[in-house]
1. Of (i) 63, 57, 48; (ii) 81, 58, 52; (iii) 72, 51, 44, which one was derived for Cα extents along the principal axes in Å from the structure shown?
2. Ranking 129, 325, 387 by Cβ neighbours within 10 Å, fewest first, what do you get?
3. Are there any GluC sites (Glu not before Pro) in region 9-76 that are in a DSSP loop and have at most 15 other Cβ atoms within 10 Å? List them by number.
4. By count of other Cβ within 10 Å, fewest leading, how are 29, 327, 224, 393 ordered?
5. Between residue 413 and residue 324, what's the calculated FRET efficiency when r is the beta-carbon distance and R0 is 25 Å? Round to 0.05.
6. Tell me the mean residue ellipticity at 222 nm calculated for the chain from its helices only (DSSP H runs of n ≥ 4, each -39500 (n - 2.57), averaged over every residue, nearest 500).
7. Could you put 454, 248, 23 in order, starting from the residue whose Cβ has the fewest other Cβ atoms within 10 Å?
8. With both bridge residues required to lie in the chain, what share of the DSSP beta bridges run antiparallel, to the nearest 5%?
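Where a number appears in this text, it was derived from the coordinates with a stated rule and is not lab data. Since this is a predicted model, take the numbers as computed values, not measurements. Don't worry about glycine lacking a Cβ; one is built from the backbone with ideal geometry, like all the others, and counts go over all protein chains shown.
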Amino acid sequence: MMPEQFPEQIRDLLIPKPSGRLIYRCLGCNSEFGIDQLLYTCPECGRVLLLYDDQFHRLKTIPPERWRQLFDYRAMLTLPALKGIYRYHEFIGPVIPLDAVVYLGEGHTPVVEANAHLQACVGMRFFYKNDGQNPSGSFKDRGMASALSYINFLIQSGQATDILAVCASTGDTSAAAALYAAYLRPHIKSAVLLPHKKVTPQQLSQPLGSGARVYEIPGVFDDCMKVVEALSEQYEVALLNSKNAWRILGQESYSYEIAQAFEYDMADKVVVVPIGNAGNITAVMSGFIKFYQIGLISDLPLIVGVQSAHADPVYQYYREPDVDKRCFKAQTVRPSVAQAAMIGNPVSMPRVIRLVDSYNEMAGRQRIHFIQVSEQEIMDWHLRANKNGHIACTHGGESLAGLKQAVDRGLVDRSTVAVVDSTAHALKFSGFQDMYFENAMPPEFEVTPDPRLINAPVYLHPDHLDQFPAPGKPLAGPAFDLFVKAVTEAIADDLNLSPKHARKG
């Protein structure tokens, strides 16, 4: 639809113009800095930053109902810049002009209700939000759309040239960073660091296909992160990990989409997300807080963050009930099927601590919980989800295992409705499914296949036949008829099919 076809009272708001005043604010010393340069940590004290709109109060001049109408009507526009995460332009990147927005099809991923059988297994009504249907196959595209739109804005305004974008990754971040950087060639080139043999072949193929320079180094993600941090501190490069506060802004769109999908009624909702580098749960909290402050939602939903027992520093921090005794300790992680969550020293931990306190304070009660699950639970619930019509990755299995635990422990009311995050496409982690089905899981994963969840192809080769079709050697005539008859009968017997009765008259 064209803007002139929309109600008169919102026409002036449909196409947003640059507004607001974004600043970096340090979570350590509260120093503030302008956004005319790329900053990842505070120049004063070295702590992580968050982006704040210094004129955020201006959004309150528009009534909540008008905002809801605006977002709904923007969904009908054909303007690419507003079809993705920047539908919520005023909340994500208000200073970014629309002609700088990079849109590759990210955002507005489907919210799919689980079937009755799976809901009965979990014990409550829930939906999957399938972020694996983003362009590179994961939720990381939300943050990259924001970070690269900002860099594109700097390039267009003459404030930056010949950018080299770098990131450390467990797979999904590198795929997203390389894809979005490739779209802005020749102005941006990308390089990614991966832990050697700790990324699935499917994930490794993505940055290679997008033309990034890919480096594999010994160790785990945390080691890769230290190297890219050193690069960003010593050389002129753009860091694209979630240490980059623009990434957090883009990922806030996940919260906004959930609110819009449920008509902005968050009173009885639970949002379940896995925790890796802690950027996603940071963004989810921040997004809901913004909508709550403006009045777009009247209640803050319950949020459950989930970690594997093989990498659970955030869970361990909040396991201590006494706030004054809590002390964050980085971990040496063990192998996990939820590879993107295999991070022992999440860079966004200071953001998590700050936002958890703010979130609970605004809600007037505890609305953030953290759950630890086993590798066995992750794999089993990952497979159960997909056997019931979903395309959940292992991290989607991690989230579902966390929801099940939260229900069983009484942390979540069974009468509420949950939205479970599947962060990536199931095909990225199909190798773990293969090992599970073949009973070939390495012992360090501590996963024993459940025979009820194993599936394997059945090879039909009727032994009583002498001739079979082969590539380049088709059968014909009576020999082919015999082959079809034998295979048909074998399938019918295996599936216990009943023959059709001849119709009378």
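1. (ii)
2. Values: 129 25, 325 7, 387 13.
The fewest-first ordering by Cβ neighbours comes to 325, 387, 129.
3. Working: sites: 32, 44, 65; in loops: 44.
Qualifying residues, ordered by number: 44.
4. Numbers: 29 12, 327 8, 224 26, 393 34.
In increasing order of surrounding Cβ atoms, one gets 327, 29, 224, 393.
5. Working: r = 30 Å, r/R0 = 1.19.
For R0 = 25 Å, the calculated efficiency reads 0.25.
6. Details: 17 runs with 188 residues, N = 505.
When only DSSP H runs of four or more count, the value is -11500 deg cm²/dmol.
7. Numbers: 454 13, 248 27, 23 16.
The most exposed by this proxy come first: 454, 23, 248.
8. Working: 14 of 48 bridges.
Given both bridge residues lie in the chain, the antiparallel proportion sits at roughly 30 percent.
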